[in-house]
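Following: one structure in structure tokens, then a few remarks.
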Amino acid sequence: MSRVKKASRHVNQNEGLIFEKSSPGKAAWLLPPLDVPEVDPAKILGASARADLGHMPEVSEIEIIRHFTRLSTWNYAIDLGMYPLGSCTMKYNPRVNEVVARFEGLANGHPYQPEKISQGALRILQTLSECLIDITGMEAITLQPAAGAHGELTGILLVRAYLEKQGNPRKKILIPDSAHGTNPATAAICGYSVENLKSNAAGMVDVPSLVAQMNSDVAALMLTNPNTLGVFEQEIHKIADILHDKGGLLYMDGANMNALVGKVRPGDFGVDVMHLNLHKTFSTPHGGGGPGSGPVACKQFLEPFLPVPVVITKSDGTIGFDYQRPQSIGRVRAFYGNFGMHVRALAYIMANGPEGLRQTTEDAVLNANYLRQALDGTYELPYKTPSMHEVVFSDRRQATRGVKTGDIAKRLIDYGFHPYTTSFPLIVVLEAPHSTRVSRLDEVAAARKPVLRWKPVSQ
Ligand SMILES: Cc1ncc(COP(=O)(O)O)c(C=O)c1O
């Protein structure tokens, strides 16, 4: 029996165009006879009324339904198969989260509802805040940012506001070359210049370079930890000390916290401010660009600068929002962020409990190392440092046969995976995927000049 598993293919990859199904006289509608006076559209719409509708498909209702239903099965989704996008891996979204998020009182709650009838929703925000503070070892939090990159923006604005308040505005942010791409973009948007920090042979921050580059111009180091190579910064305490000794702050991109939850806490190893990606670590969905959620947790000295409003317990014991915060960086998001994501994250945290969350972390690291073990030898492993939440291979070996990472990714499509960075180094991969309707698109042209409209050849 063949050991190669069959791809889980789409229902039908050879769906024709709806125009190809068209035949004259067919219609998907049936209207009752007109019982009001007929109106000439041109009288109402003037020159905008179109007399000639061009070439339209003529199909029956069931043909339309089947056509679009079949097309909808081409949408790749986490519920259909693995969706491994490197560090931003799409994770399984437990159904219990969805059940809880659909509870009527939560799903239909309105942000303009008076606080006194929103106590349940506010309690969710407060409980989630407490859980995330506990998990990260930080001291204060905002749940407002709508994505990881938005969290970075918020976090670096806190750093900037704090340093300005100290009368110590600085110019630069240091960013290791293993950082996530959004980090330098964030620093630049906040008005800082970005200085690149070298990685060493182990894929970690090169500490002597940090010592050499750290000075009183540096506002912060933005560190993705574990970084995008899946490597944990083993000298994190020393890194924090180097920053702090010269008056700089340590920002941690905590999007990869799924490797750390329940094991270590950034607040304990010197981080001053960080963001979390609820859609990466706390099982909330992240498709089609969102909605995401990127809470920012910080130490107490940054708390006065948090975005307004903050959730507080009032003197009468009820929960509410506090807007009276003169040092706040202001609003970063309408209302209080993507509340539905907060509900889902809290459902996930409570369903697992501390032991379950720790187990999830262990499983994430185990899974990455399982793949590492399985593929090491076939693919070149550029960094031998132990892997945390992910492992990165290079295509160096395959490249000698003309096969690049992109070819390998394409071939994965034939096996039912959304493309990522490993597959089988067969020479046929140069033309993969073979099982899809179209094989290789010109990716740049498809992204920049997509042709989304069908035109008859004669036009
Ligand atoms: C390490 C890291 N930082 C930041 C981000 C940006 O997060 P988002 O895509 O939610 O803006 C990602 C991607 O998810 C990431 O993996």
Within the range 296-319, can you find the residues that are crowded, with 18+ Cβ neighbours inside 10 Å and either over 16 Å from Tyr162 (Cβ atoms) or of a type in the set (Val, Ile, Thr) (or both)?
-> Val296, Pro309, Val310, Val311, Ile319
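Is it the case, given these coordinates, that Gly317 is in a loop (DSSP other than H, G, I, E, B) and within 14 Å of the ligand (Cβ to nearest atom)? So that I can check it myself, show each step before the final result.
Working: in a loop (DSSP other than H, G, I, E, B): yes; within 14 Å of the ligand (Cβ to nearest atom): no.
Criteria not met by Gly317.
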Unmet requirement for Thr224, which otherwise passes all of (1) out of contact with any strand residue (DSSP E or B) (no Cβ under 9 Å at 6 or more places or on another chain); (2) under 26 Å from Gly356 (Cβ atoms) = (1)
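Please specify each residue of the range 204-242 satisfying the condition of being of a type in the set (A, V, I, L, M, F, W, C), within 16 Å of Phe269 (Cβ to Cβ) and in a strand (DSSP E or B).
Of the range 204-242, the ones of a type in the set (A, V, I, L, M, F, W, C) are 204-205, 207, 210-212, 214, 218-223, 229, 231-232, 236, 239-240, 242.
Checking the rest, the ones that are also within 16 Å of Phe269 (Cβ to Cβ) come to 204-205, 207, 210, 220-223, 231-232, 236, 239-240, 242.
Val205, Ala220, Leu221, Met222, Leu223 - these are the residues of the range 204-242 that are of a type in the set (A, V, I, L, M, F, W, C), within 16 Å of Phe269 (Cβ to Cβ) and in a strand (DSSP E or B).
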Give just the number: which of (1) of a type outside the set (D, E, K, R); (2) closer than 21 Å to Ala140 by Cβ; (3) away from the ligand (no atom under 13 Å from the Cβ) does Asn352 not satisfy?
-> (2)
Is it the case that Ala220 is within 14 Å of the ligand (Cβ to nearest atom), over 18 Å from Glu139 (Cα atoms) and either aliphatic (A, V, I, L, M) or surrounded by fewer than 24 Cβ atoms within 10 Å (Cβ to Cβ) (or both)?
-> no
If we keep only residues of the range 233-256 that are among the hydrophobic types (A, V, I, L, M, F, W, C) and at pLDDT 95 or above, then the residue nearest to the ligand (Cβ to nearest atom) is Met252
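Scan the range 161-216 residue by residue and report those that are among the polar types (S, T, N, Q) and out of contact with any Lys or Arg (no Cβ under 9 Å at 6 or more places or on another chain). Full working, then the answer.
If we filter the range 161-216 for residues that are among the polar types (S, T, N, Q), which is where we start, we get 166, 168, 178, 182-183, 186, 193, 196, 199-200, 209, 213, 215-216.
Selection gives Gln166, Asn168, Ser178, Thr182, Asn183, Thr186, Asn196, Ser199, Asn200.
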Filtering the range 272-303 for residues that are assigned to a helix (DSSP H, G or I) and within 12 Å of the ligand (Cβ to nearest atom) leaves a count of 4
Within the range 262-271, is even one residue surrounded by 21 or more Cβ atoms within 10 Å (Cβ to Cβ), farther than 14 Å from Thr136 by Cβ and away from the ligand (no atom under 11 Å from the Cβ)?
-> no
Selection from the range 130-169 of residues that are of a type in the set (A, V, I, L, M, F, W, C), within 16 Å of the ligand (Cβ to nearest atom) and not in a helix (DSSP H, G or I) | Leu143, Ala146, Ala147
Count, please, the residues in the range 184-198 that happen to be in contact (Cβ under 8 Å) with a residue 24 or more places away in the chain and either buried (at least 23 other Cβ atoms within 10 Å of the Cβ) or assigned to a strand (DSSP E or B) (or both).
-> 4
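The values are calculated or read from the model by the stated rules, or taken from the named source; none is laboratory data. The structure displayed is predicted, hence computed values, not measured ones. When we count neighbours, we look across all protein chains shown, and the Cβ atoms used for this are built from the backbone with ideal geometry, even at glycine.
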